[in-house]
Amino acid sequence: MRLLHTMLRVGDLQRSIDFYTNIMGMTLLRQSENPSQHYSLAFLGYGPNPEHAELELTYNHGVSSYELGTAYGHIAIAVPDAAAACERIRAGGGNVTREAGPVKGGSTVIAFITDPDGYKVELIERRFD
């Protein structure tokens, strides 16, 4: 088995595509429109399936916001330098909600940001050798 994608409902598809491509460095892999069912999809990632998991952004036509609920946690993205990633994200207009630092009770360096719709994204520092 393999993780294929995570789906997030978004209030403005282009705004979210811009955030994940321009600020988070993902690539827009493909888009589709389903006018008869009133939704649009965009798949993004650091590479396509099956080698990489993808992020599916779903825009339901006419819906500009969602109540995120209490069950959702976050998506996690590996970065080589969490502090530098926070600075780059902040400079691009992103919202850093927890600065880079060790996880409580451990040594792994993490940070948290939110995307334009308020979804939490964890940055986990991992050296890419």
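Going through (1) surrounded by 13 or more Cβ atoms within 10 Å (Cβ to Cβ); (2) without any contact (Cβ under 8 Å) to a residue 60 or more places away in the chain; (3) in a strand (DSSP E or B) one by one, residue 90 falls short only on (3). Scanning region 93-110 for residues being touching a residue at least 24 places away in the same chain (Cβ under 8 Å) and on the phi < 0 side of the Ramachandran plot gives a total of 4. If the condition is being closer than 28 Å to residue 2 by Cα, open to solvent by 40 Å² or more (accessible area, probe 1.4 Å) and not small (Gly, Ala, Ser), then region 62-87 contributes 68, 70, 72, 74, 80, 81. Just to be sure before I move on: is residue 2 in contact (Cβ under 8 Å) with a residue 60 or more places away in the chain, open to solvent by 20 Å² or more (accessible area, probe 1.4 Å) and either farther than 14 Å from residue 119 by Cβ or charged (D, E, K, R) (or both) in the structure I sent? The answer is no for residue 2.
Residues that are open to solvent by 40 Å² or more (accessible area, probe 1.4 Å) and assigned to a loop (DSSP other than H, G, I, E, B) were ranked within region 107-122; the one that is farthest from residue 24 (Cα to Cα) is 107. Scanning region 38-61 for residues that are among the acidic types (Asp, Glu) and exposed (fewer than 15 other Cβ atoms within 10 Å of the Cβ) yields a single hit, 51. Does residue 79 satisfy the condition of being farther than 19 Å from residue 20 by Cα, touching a helix residue (DSSP H, G or I) at 6+ places or on another chain (Cβ under 9 Å) and in contact (Cβ under 8 Å) with a residue 12 or more places away in the chain? In short, no.
Yes or no: residue 25 of a type outside the set (Asp, Glu), under 17 Å from the mean Cα position of the chain (by Cα) and at positive phi?
yes
The values are calculated or read from the model by the stated rules, or taken from the named source; none is laboratory data. Here the structure is a predicted model, which means the values were calculated and not measured. A quick note on method: Cβ atoms are made from the backbone with ideal geometry, for glycine too, and the neighbour counts reach across all protein chains shown. Heads up: the accessible areas ignore ligands, DNA and RNA and are worked out on the full protein's heavy atoms, side chains in. Shrake-Rupley method; radii C 1.70, N 1.55, O 1.52, S 1.80 Å.
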